[in-house]
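Data block below; observations after.
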Amino acid sequence: MYSILALGLVVRIWHASGTYLNPDEALHFFVANKTTWWETYRASLNVSHPPLLIFLLRVWRVLGTSELMLRLPSILAGMVFCWFAYRWLRMLFDESVVWIAFSLIVFLPSSIDLSTEVRQYALLLAFAMGSAYFLERALRENSALAMLVSGVFLWLAILSHFSAFLFAGVLGVYAILRMLEKRTPLKVLLAFAISYTSPRSRALGRPMVVPTQPRDGWATIISAIRITFPGESTHCYLYLRGREEYFSTFSANLSWEIWRFCCLS
């Protein structure tokens with residue numbers, strides 16, 4: 001497993017070192033490259049994404065500002081995503097399926113592209129996969145600690161990219177269905193409530209601000225987004241309704257390939 005990860009790391013470093021920053025990547029570094037933290041935060045409000053990557057780049061720039069150095073956090077996050085995916089797959093599928101799916105995750109061109117950009121996708125994938133892995137451990141081992149760790153990873157994913165709100169809904173429904181199948185201990189249920197629902201409870205009694213766009217399904221999550229990112233609900237709405245479908249296409253293709261190999265095994 002580690003030899004495949006090492007090869008995937010080499011491929012990503014080679015890919016990242018061969019191109020210059022595109023305008024979107026340069027914008028993220030420009031926003032992060034401010035004198036003070038307050039200026040960085042103020043500038044991040046003009047980016048239609050949560051601020052975690054911007055803050056990370058502000059710290060990381062001390063180590064260097066070359067294209068490869070700026071892309072290194074995404075490369076490392078991409079490898080963490082692959083490692084969590086391997087551990088998660090081992091808990092659910094046979095060995096042959098695990099290795100096939102793991103190889104696809106490491107070497108798919110879309111996976112390599114997403115983990116070599118100065119953008120939020122690699123962080124989102126790493127934290128989302130970590131949340132799914134620790135959730136599965138919590139349900140299998142009846143571990144409240146693992147459930148809390150899963151919640152921490154989920155909120156880090158939300159701080160990385162707005163798409164994590166969609167993942168959070170799916171993961172929450174999956175966890176509830178799994179807990180209904182078995183007699184889950186009370187401590188695990190409480191940990192689930194704390195990790196997955198308590199931050200959303202702050203939305204009670206607060207006004208829901210929806211952008212001046214026609215109401216549709218996306219509007220239902222805006223109130224929760226306002227709690228975590230005050231003033232950025234419009235950004236999230238426009239993002240979800242926009243044309244940035246690269247990550248969605250990658251997720252759909254990857255899910256289909258894994259599902260197909262699982263069915264054929």
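Derivation of every value follows stated rules applied to the coordinates shown; laboratory data play no part. Predicted model, so just to flag it, every value in this text is computed and none were measured. FYI the Cβ positions are ideal-geometry reconstructions off the backbone, even for glycines, and counts take in every protein chain you see.
Odds and ends about this structure:
- In this simple spin-label approximation, H15 and M1 carry label points 7 Å from Cα along the Cα→Cβ vector, and these lie 2.2 nm apart.
- Estimated distance in nm for a label pair at L166 and T35, the labels positioned 7 Å out from Cα along Cα-to-Cβ: 4.1
- Sorted by Cβ density within 10 Å, fewest first, the residues T184, T36, T19, T116: T36, T19, T184, T116
- For segment 120-196, the fraction of C-alpha pairs farther apart than 20 angstrom is 23 percent.
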